[in-house]
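S.K.: Attaching a single structure in structure tokens format; questions to follow.
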Amino acid sequence: MAPERGGWRLHPVLEALGRRPFAVVGHRGARGLAPENTLAALRKAIDVGADIAEFDIQVTSDGAVVASHDPVLRGADGRTVDVRSASLAEVKSVDLGGGETPPTLEEIIEEARGRILLFLEVKEPGDTGRIIEVLKRENAVDMAALISFHDEALHTARQLEPGLPTGIIYFRPPGRILDCRKLGCRIVLPRYPLATAKAVSLAHRLGLRVVAWTVNEEHWVLELAKRGVDGIATDYPDMAVAARRRLEEGSAKGGYGHRPP
């Protein structure tokens, strides 16, 4: 890990979000390129050069931590399974397309280790402790940040593992930058129209990283880069990586704005 001011160490996720002009986050792995929240989507994110892959996390009835955006999974054949009342075996029986099944957090960590970092979105606040248990057991605290719409999940994460970065997600104005600071989070994740230049500047003055979501059009990628965001979450990380490469090639013509320490 890279040194922070005063000799402290910077968590790898925060270090990645210091990349200029911005870090690329594959949304649900890379849902525009492969079935969402699968190992295939994770591999796509890695292959195209994303810095971070985001996964939605649920817990099964028998305590397994798995990737799924909704509590009810719908397979490629139309069959549905309620993740939270099903066993891991039942969840693993769902084909999400191309033979891909919902991965466990352990499987995600194994695939990602040394190749890409992780954003883990806590969908149910009560799952926070179980997710952190897995991260600790797998020696993966340095690989991930926990993000959520739910303050309770972020507060619990800070209590259980203070060294784990947390981030608050929001989609309504006026935003939650000040709430983020009060909760001890290091990352704010606004829906992209809320990532205004003024909001980004305020977040940076407070030492926060800004990750805008979900950005699937190149003109918005370029606009958000101008505004100085630290990360861009997209269903198409290949597009964002290509746009970043073009910006990097022209970086000698100007800077990308202030980054927090």
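The values are calculated or read from the model by the stated rules, or taken from the named source; none is laboratory data. None of these values were measured; they are calculated from a predicted model. Here the Cβ is made from the backbone with ideal geometry for all residues, glycine too, and neighbour counts use every protein chain on show.
S.K.: For the range 136-152, which positions are outside any loop (DSSP other than H, G, I, E, B) and surrounded by fewer than 24 Cβ atoms within 10 Å (Cβ to Cβ)? Steps first, please.
M.R.: Step one: filter the range 136-152 for residues outside any loop (DSSP other than H, G, I, E, B), giving 136-137, 141-148, 151-152.
Across the range 136-152, the qualifying residues are Lys136, Arg137, Val141, Asp142, Met143, Asp151, Glu152.
S.K.: Out of Thr156, Thr128, Thr166, I need the residue that is among the hydroxyl-bearing types (Ser, Thr, Tyr) and closer than 22 Å to Arg9 by Cβ. Which one? First the steps, then the outcome.
M.R.: Values: Thr156 fails: closer than 22 Å to Arg9 by Cβ; Thr128 fails: closer than 22 Å to Arg9 by Cβ.
The unique qualifying residue is Thr166.
S.K.: Can you name the residue in the range 209-254 that is farther than 26 Å from Gly175 by Cα and either among the β-branched types (Val, Ile, Thr) or not in a helix (DSSP H, G or I) (or both) and, of all such residues, is modelled with the lowest pLDDT?
M.R.: Checked the range 209-254; the qualifying residue modelled with the lowest pLDDT is Gly254.
Residues are listed down the side, and each one gets a yes or a no for (1) touching a Cys at 6+ places or on another chain (Cβ under 7 Å); (2) without any contact (Cβ under 8 Å) to a residue 40 or more places away in the chain; (3) of a type in the set (Val, Ile, Thr); (4) within 23 Å of Val13 (Cβ to Cβ):
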position	(1), (2), (3), (4)
Gly63	no, no, no, no
Pro71	no, no, no, no
Arg74	no, yes, no, no
Arg79	no, yes, no, no
Ala89	no, yes, no, no
Leu96	no, no, no, no
Glu110	no, yes, no, yes
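S.K.: Can you name the residue in the range 45-67 that is among the acidic types (Asp, Glu) and either modelled with pLDDT under 95 or closer than 12 Å to Arg115 by Cβ (or both) and is also surrounded by the most Cβ atoms within 10 Å (Cβ to Cβ) among such residues?
M.R.: Here is the first cut: in the range 45-67, the residues among the acidic types (Asp, Glu) are 47, 51, 54, 56, 62.
Narrowing the set further to residues that are either modelled with pLDDT under 95 or closer than 12 Å to Arg115 by Cβ (or both) leaves 47, 51.
Numbers: Asp47: 14, Asp51: 22.
Filtering first and then ranking leaves Asp51.
S.K.: I'd like to verify a number: residues in the range 157-181 that are in a loop (DSSP other than H, G, I, E, B), of a type in the set (Lys, Arg) and crowded, with 16+ Cβ neighbours inside 10 Å, how many?
M.R.: Taking the range 157-181 and keeping what is in a loop (DSSP other than H, G, I, E, B), we get 161-165, 171-176.
Within this subset, residues satisfying the condition of being of a type in the set (Lys, Arg) are 172, 176.
Right, trim to crowded, with 16+ Cβ neighbours inside 10 Å and you get 176.
Here the count works out to 1.
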